[in-house]
1. What pairs come out if I take residues in region 216-230 that are in contact (Cβ under 8 Å) with a residue 40 or more places away in the chain and closer than 15 Å to M160 by Cβ and pair them with residues that are surrounded by fewer than 18 Cβ atoms within 10 Å (Cβ to Cβ) and among the polar types (S, T, N, Q) whose C-beta lies under 8 Å away, six or more apart or interchain?
2. Looking at region 82-91, is at least one residue free of Cβ contacts under 8 Å to residues at least 40 places away in the same chain and among the hydrophobic types (A, V, I, L, M, F, W, C)?
3. Tally time: how many residues in region 223-261 are modelled with pLDDT under 85, over 19 Å from M147 (Cβ atoms) and not aliphatic (A, V, I, L, M)?
4. Just one of P164, P123 is buried (at least 16 other Cβ atoms within 10 Å of the Cβ) and part of a loop (DSSP other than H, G, I, E, B); which is it?
5. Looking at S90, S74, can you tell me which residue is farther than 27 Å from L260 by Cα and among the hydroxyl-bearing types (S, T, Y)?
6. Across region 138-166, which residue is farthest from L182 (Cα to Cα) among those that are among the basic types (K, R) and free of Cβ contacts under 8 Å to residues at least 40 places away in the same chain?
7. Starting from region 116-127, keep only residues that are within 18 Å of D170 (Cα to Cα), then list their pairs with residues that are of a type in the set (K, R) and at pLDDT 95 or above whose Cβ atoms are within a distance under 7 Å, requiring at least 6 positions of separation or different chains.
8. Among the numbered conditions (1) at pLDDT below 95; (2) in a helix (DSSP H, G or I), tell me where T150 comes up short.
Amino acid sequence: MVTNERDGAVLTRLQTAYRKQSRELRFVLAEDNSTVLKVEPKPVFTWTSLGGWSGDVFVWTGKGRIQMVGCIGSHHVNESTFEFFQEFHSLADASLNEVQLNDAVTWKISDDTGVAHLIPGAPQPAANATLRMVQMRSLARSFKLGMQVTTEAVEQELRMLSQPLARVSDAAESGDVIDGTLFTFVSSAGTDPEAFLLIEARKSAGRLAWTYMVARFTTREIWMSRGGHEVWRAPAIEFTNPGSQIKDAYFYRPTFTATLDEIGAPVK
C-alpha cells in the first residue's frame, strides 16, 4: 500500500518496467497469423498490497473482444531490490500462436480454453449499449466467488469491484460477440485480483445470448456459484516456477530481480 511520497515515487518507477514489459509481449491469433492483439499503453487497473507487492493489470483485445488479461508486478526483496513477476490468463476462444515470454520461456495455450458458457435465465441482450451495460453489471453480481485462503481460512465471498476493468462493444455487430465487459473479484486483504469474470453478448443458434467465462488469478483453490449452486471450481496449484514451456491457460511466474536504478526512468 502506498503510504508516503517516497512510496509513490518508487511505485512510479516500478510502473515504468510494468508498462515496458506489456508492450514487448506479442500475442497473435493462429487462425490468420495477422491479427496481433492490441494492448492499451496504460493499465486498466493498478493495485498495491502489504509486503511491498504491486502490479498493473493489462488487457489485450482483438476480433471485437477481450482475448487476454495479464498482470505485471513486483515485490520487495529488500529496500532497494525487487523481484518482478508475470501472471496471465487467456480468454481467447480461438487458438493463439506460441508466445515468446523471453529468450528462454514460451507459452503455448491449449486449444480447449476460453469456452463461453450460456447464463441460464439471463434476459435477451438489449439493443442499446447503455442498457446492455446495466444488464452485464446485474449478471456479474449474480455470481459469487469463494477462495481457500489458507489450510484453515476460507473466504466465502470475494468482493466484486463495482467498476468494470474493460469493455469492448461492437456497434456494427459484425462479429459473433457484440459486447463484452471484464469484472474482477478481490479478497478482503486488498485489491490484488483473485479472479476475473468476462460477460459477453454472443450470437448463439441464430440469436443473441449472454455468456460468461471465468479466469482464476490465484494459485489457491477457488470456486464460483450462481443461485446457490456451484458452477466452477479450480484446485490449488503448487506455488512453483512453471518452467520453460508453459501450456496452461493460467500461469504465474517470477521473471527477474532488479534494483530501482536498473529499471529505468519514471513514466512521464
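1. Going by the 8 Å Cβ cut-off, the qualifying pairs are I222/Q148; R226/S142.
2. Residues of region 82-91 free of Cβ contacts under 8 Å to residues at least 40 places away in the same chain: none.
No, because not a single residue in region 82-91 is free of Cβ contacts under 8 Å to residues at least 40 places away in the same chain and among the hydrophobic types (A, V, I, L, M, F, W, C).
3. Keep residues of region 223-261 that are modelled with pLDDT under 85, which gives 239-243, 260-261.
Checking which are over 19 Å from M147 (Cβ atoms) leaves us with 240-243, 260-261.
Now restrict to residues that are not aliphatic (A, V, I, L, M): 240-243, 261.
Of the residues in that region, 5 qualify.
4. Numbers: P123 fails: buried (at least 16 other Cβ atoms within 10 Å of the Cβ).
Just a single option satisfies the conditions, and that option is P164.
5. On the way: S74 fails: farther than 27 Å from L260 by Cα.
It is S90.
6. Pass one, region 138-166, residues among the basic types (K, R): 141, 144, 159.
From what's left, free of Cβ contacts under 8 Å to residues at least 40 places away in the same chain: 141, 159.
Working: R141: 12, R159: 14 Å.
Step by step, filter region 138-166, then rank; the result is R159.
7. Listed pairs, sorted by first residue: P125/R132; A126/R132.
8. (2)
The values are calculated or read from the model by the stated rules, or taken from the named source; none is laboratory data. This is a predicted model, so every value here is computed, not measured. Please note: Cβ atoms are built from the backbone with ideal geometry, for glycine as well, and neighbour counts cover all protein chains shown. When the accessible area is computed, the model is the full protein with side chains, heavy atoms only, and any ligands, DNA or RNA have been set aside. Shrake-Rupley method; radii C 1.70, N 1.55, O 1.52, S 1.80 Å.
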